[in-house]
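A.B. asks: Sharing a structure here in structure tokens format.
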Amino acid sequence: MSRRLITVLVLALVAAAWVLSDTVFVVSETRQALIVTLEGPVVAVSEPGLHWKRPFVDQLISFDRRLLPLPLPIEQIILGDQKRLEVQSYALYRISDPLRYYQSLRTVEQGSMQLAQIVSSSTRRELGQVNLPTLLSAGREKVIQNIRREVATRAAPLGVDILEVRIRRADLPPETSQSVYDRMKSERQREAKELRAQGFEWAQQIQARADRDRTVLLAEATRTSKITVGEGDAAAAKIFAAAFADEPVFYQFYRSLMTYRQSLAEAQPMLVLSPNSEFLRTLTGGPKPAKN
């Protein structure tokens, strides 16, 4: 076999392999293909396996059939109560109709841009009708469902199924956050002042009640003590009277000694008296003898 013939056979094999490679294609489980001709899209191939197309005439375009994320940038949205909110959303979608998707959007990059605009406009429209307290309560889920429903309706003609739309984060702008913080701080300070004033009022009431109870207790104690002292004095006087009746001489002598004790204890260092003074009679002469 001549070298020229071998060269021709090799070129023929290479050409055949090239034609075969452009004729046969494989669709995996995670992809779906679209065969496009010069006249336009012809057929969508979603079954995995080996497939055929016309070489050099048909063009193969492949799309992912799995769930695709759609991250969105942070946007500043004005709510229904004129509050500004920095919102970042995300969505999960699937290309359900590759032919319609190609006819409407052509490429995945253009499709992502179009879907991002749909999600952004729907989010702005829905959030523009609600107040901030709604987003901080159980009503937030209803708002998300309305956004997902609108996005799914607008994306269906593009050959896309929207499975999920969520708000990843929602924050107040820095200047708004500072004003809200200042308002919350002033509100807490006002509440603290009211609580302190109320506490002071309660303390005054408790103090007044305690002072009143103290005064009542002291008055009752003083009254009881005076009654007890009076009863004691009466008992003592009764005892003294009984003793005087039984022993008048001794009682008189005892009274004289008590008088000496009190007078001499409170006197100056020198006390000048007459020897015949009545004051000294008991001291010099002793007690008077009892009369029979």
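Just so it is clear, none of the values below were taken in a lab; they were calculated from the coordinates. Predicted model, so just to flag it, every value in this text is computed and none were measured. Using ideal geometry, Cβ is built from the backbone for each residue, glycine included, and neighbour counts are taken over all protein chains shown.
A.B. asks: For Arg209 paired with Lys238, estimate the spin-label separation in nm (one decimal), with each label point 7 Å from Cα along the Cα-to-Cβ line.
C.D. replies: Label at Arg209, label at Lys238, 4.3 nm between them.
A.B. asks: Right, here's the next one. Roughly how many nanometres apart are two label points built 7 Å out from the Cα toward the Cβ at Glu164 and Lys193?
C.D. replies: 4.9
A.B. asks: Same structure, new question: Quick one: net charge of Val165's neighbours, Cβ under 11 Å, K/R +1, D/E -1?
C.D. replies: Around Val165, the charge tally is +1.
A.B. asks: Say each of Glu47 and Phe250 gets a label point 7 Å from the Cα, pointing the same way as Cα to Cβ; how far apart are those two points in nm?
C.D. replies: With each label placed 7 Å out from Cα toward Cβ, I get 14.2 nm.
A.B. asks: Within segment 119-161, find all residues whose amide N lies under 17 Å from a label point positioned 7 Å from the Cα of Met184 along Cα-to-beta-carbon.
C.D. replies: 132-137
A.B. asks: Let me know the shape class of segment 107-174, please: from the alpha-carbon gyration tensor, a ≥ b ≥ c as square roots of the eigenvalues, rounded when a/c is under 1.5, otherwise prolate if a/b is greater than b/c, or oblate.
C.D. replies: prolate
A.B. asks: Over segment 68-177, calculate the relative contact order: mean separation of alpha carbon pairs under 8 Å at least 6 apart, over the residue count, as a percent.
C.D. replies: 40
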